[in-house]
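> Sharing a structure below in structure tokens format, with a few things to ask.
A short reminder: the numbers here are calculations on the coordinates, not readings from a lab. Only a predicted model underlies this, so the values are computations on that prediction, with no experimental measurement involved. Every residue, glycine among them, receives a Cβ derived from its backbone with ideal geometry; neighbour counts consider all protein chains shown.
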Amino acid sequence: MPINRVFQSLSCVTLFALCYIHLQIQIVNLAYIGKKKEQQVRQLTEENGHLSYNIAMLKSASHLGEKLLQENSGLRFADPRRIVQISAPPDKTTAQPAAASAPAASAAEKDNPMLSLLSLTKE
């Protein structure tokens, strides 16, 4: 009988040892899977950064200008001699009465005849 009891004890200890080893193997396996997932996330984050940079470059004004110039679309940059500068009317946000701002506007129109064409008021 004592041999039977020893055999049962050894079987029970062996069974617990096998379960423990199986759990430890699963833990190591999950750690490897976690490492692979971390590498994938890092790689996708890096790729996302590169793609965001490329999108920003494609939307940039210089890229769009170069693309338009290369397509022979007939568009070109404005010649500095053809740029017209117009002085802006006084700012309406200041608390000036309408009578005080009218002489300033008429003086500006006398200085620059283009303003009289652009004004919305009737004379």
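> Taking the Cα centre of region 2-67 as the origin and placing charges on Cβ (Lys, Arg +1; Asp, Glu -1), which of Gly34, Val13, Ser52 is farthest toward the positive end of the dipole?
Result: Val13, furthest along the dipole toward the positive end.
> Would you mind counting up the charge near Asn54? Only other residues with Cβ under 15 Å from its Cβ, with Lys and Arg at +1 and Asp and Glu at -1.
So the environment of Asn54 carries a net charge of 0.
> Which whole number in µm²/s is D for region 2-67 by Stokes-Einstein, with the Kirkwood Rh taken over Cα pairs at 20 °C and 1.002 mPa s?
Answer, rounded: 126 µm²/s.
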